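I have placed the structure first, in the form of structure tokens, so that the comments after it can refer back to it.
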Amino acid sequence: MSGNAIEITGLRKTYAGQKGAGPKEALKGIDLAIPEGSVFGLLGPNGAGKSTLINILAGLVVKSAGTVRIWGFDQDVNPRQSRAAIGVMPQELNLDPFFTPRAALEVQAGLYGVPKSQRRSDEILELVGLSDKAESYARTLSGGMRRRLLLAKALVHSPQILVLDEPTAGVDIELRQMLWSNVRKLNEQGMTIILTTHYLEEAEEMCDEIAIINHGEKVAQDSTANLLGRIDAKTMLIHPAEDVTTLPEGAGMEVEKRPDGAIAITYRAAHTSAEDVLAAVHQAGISIRDVKTVEADLQDVFLELTRAG
Ligand code: ADP
Ligand code: MG
């Protein structure tokens, strides 16, 4: 293999128009290589095409053009091997309400042709913390438990690559932490992880490398550290001595009054100096009780790269 778990070239997807709408170009020619062993983040605003891409990898959506290689296997040439290499935890909670978690895992294992002697249902239920619910109907499980069951289903055939589509959207902190500790553990065991998330801090914390897609096109791909270094936006956070009536103004400064009374001034270090910012603050007649600067985070990079669209 090339050292890449996934290699995508020229990937396009056009959905047929729905209800009188024209066809929808969800992916417009994406090239993407995902290194083996990484935790890889796929980021993009709603409608960017993340789920479409992931569902193509999972074999749930048929691409319109391009090539997809999973673990070295071309999806069109070796569909069975490429499918066996990947496990997908989908965004939607599509579970059969009448299956118990153990039955759901057994059925899934059957679909993937895992022989009975090699099934690991109990071990996987243990991993996701569902051992005590192994015999409960899926419809009686909480939303969080259903999500954990979806993760379990993605693991039954011991794939080399695990894909999670917005696994923590709308879940509580406890479940989020559990999912991430599972992900870290699996990655330490050598599994390549691909995830989409809306929580940028999470991508920042979890991912080695990130691709950002917007309107069906890749707008950036880099190590998380490089991506963060790419932007020179800084925010100066000023706590005024008294309540402020006039906000400071200045070219190249974005000024915002926070609910706690602090004034946040975002500026580009290449164009505006900290001194300019402080001068604008004094000009507005504000006396400063406390001041600190905050470096750009992924949110800034993300806004910068997706604003143009
Ligand atoms: P994301 O996961 O990044 O939010 P999606 O891949 O779900 O984005 O959607 C990308 C675009 O394709 C959106 O404009 C969406 O409305 C459209 N789309 C997704 N699924 C379908 C479908 N089955 N039929 C038609 N259009 C679709
Ligand atoms: Mg999606």
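The values are calculated or read from the model by the stated rules, or taken from the named source; none is laboratory data. Because the structure is predicted, anything quoted here is derived from the model rather than measured. Note: ideal-geometry Cβ built from the backbone for every residue, glycine included; neighbour counts use all protein chains shown.
For the stretch 110-141, which positions are surrounded by fewer than 11 Cβ atoms within 10 Å (Cβ to Cβ) and either in contact with a helix residue (DSSP H, G or I) (Cβ under 6 Å, 6 or more places away or on another chain) or not in a helix (DSSP H, G or I) (or both)?
Result: Gly113, Pro115, Glu135.
Could you list, in sequence order, all residues of the stretch 58-85 that are out of contact with any helix residue (DSSP H, G or I) (no Cβ under 9 Å at 6 or more places or on another chain), at pLDDT below 95 and within 16 Å of ligand 1 (Cβ to nearest atom)?
Matches in the stretch 58-85: none.
Can we say Ala279 is among the small types (Gly, Ala, Ser), under 21 Å from Val301 (Cβ atoms) and modelled with pLDDT of 90 or more?
No; evaluated as a whole, the condition is false for this residue.
Determine, yes or no, whether Val68 is touching a strand residue (DSSP E or B) at 6+ places or on another chain (Cβ under 8 Å) and within 25 Å of Gly10 (Cβ to Cβ).
Against the criterion (touching a strand residue (DSSP E or B) at 6+ places or on another chain (Cβ under 8 Å) and within 25 Å of Gly10 (Cβ to Cβ)), Val68 qualifies.
Please enumerate the residues belonging to the stretch 1-57 that are more than 30 Å from Leu111 (Cβ to Cβ), over 17 Å from the mean Cα position of the chain (by Cα), within 12 Å of ligand 1 (Cβ to nearest atom) and not small (Gly, Ala, Ser).
Lys19, Pro23, Glu25, Lys28 - these are the residues of the stretch 1-57 that are more than 30 Å from Leu111 (Cβ to Cβ), over 17 Å from the mean Cα position of the chain (by Cα), within 12 Å of ligand 1 (Cβ to nearest atom) and not small (Gly, Ala, Ser).
Looking at Ala154, Ala134, Ala138, Ala169, which is the one that is touching a residue at least 60 places away in the same chain (Cβ under 8 Å) and farther than 14 Å from Met191 by Cβ?
Matching residue, one of Ala154, Ala134, Ala138, Ala169: Ala169.
Keeping to the stretch 10-28, report how many residues are modelled with pLDDT of 90 or more and either closer than 25 Å to Ile193 by Cβ or of a type in the set (A, V, I, L, M) (or both).
The number of residues fulfilling the criteria is 6.
Do you know which of the residues in the stretch 46-88 that are buried (at least 16 other Cβ atoms within 10 Å of the Cβ) and farther than 18 Å from Ile34 by Cα is nearest to ligand 2 (Cβ to nearest atom)?
The residue in question is Ala48.
Just one of the numbered conditions (1) buried (at least 20 other Cβ atoms within 10 Å of the Cβ); (2) away from ligand 2 (no atom under 16 Å from the Cβ); (3) of a type outside the set (Asp, Glu) is not true of Pro23; which one?
Status for Pro23: all satisfied but (1).
Need at least 3 residues that are within 16 Å of ligand 2 (Cβ to nearest atom) per element, so show me which helices (runs of 4 or more DSSP H) inside the stretch 161-279 make the cut, counting only ones lying wholly within it.
Where helices (runs of 4 or more DSSP H) fall fully within the stretch 161-279 and carry at least 3 residues being within 16 Å of ligand 2 (Cβ to nearest atom), they are 200-206.
Please indicate, with yes or no, whether at least one residue in the stretch 97-112 is touching a strand residue (DSSP E or B) at 6+ places or on another chain (Cβ under 6 Å) and touching a residue at least 12 places away in the same chain (Cβ under 8 Å).
Checked the stretch 97-112: no residue is touching a strand residue (DSSP E or B) at 6+ places or on another chain (Cβ under 6 Å) and touching a residue at least 12 places away in the same chain (Cβ under 8 Å).
Cβ-Cβ below 6 Å, separation at least six or inter-chain, first residue in the stretch 73-89 and over 19 Å from Leu105 (Cα atoms) and without any contact (Cβ under 8 Å) to a residue 60 or more places away in the chain, second of a type outside the set (Val, Ile, Thr) and part of a loop (DSSP other than H, G, I, E, B): which pairs?
Ser82/Gln75
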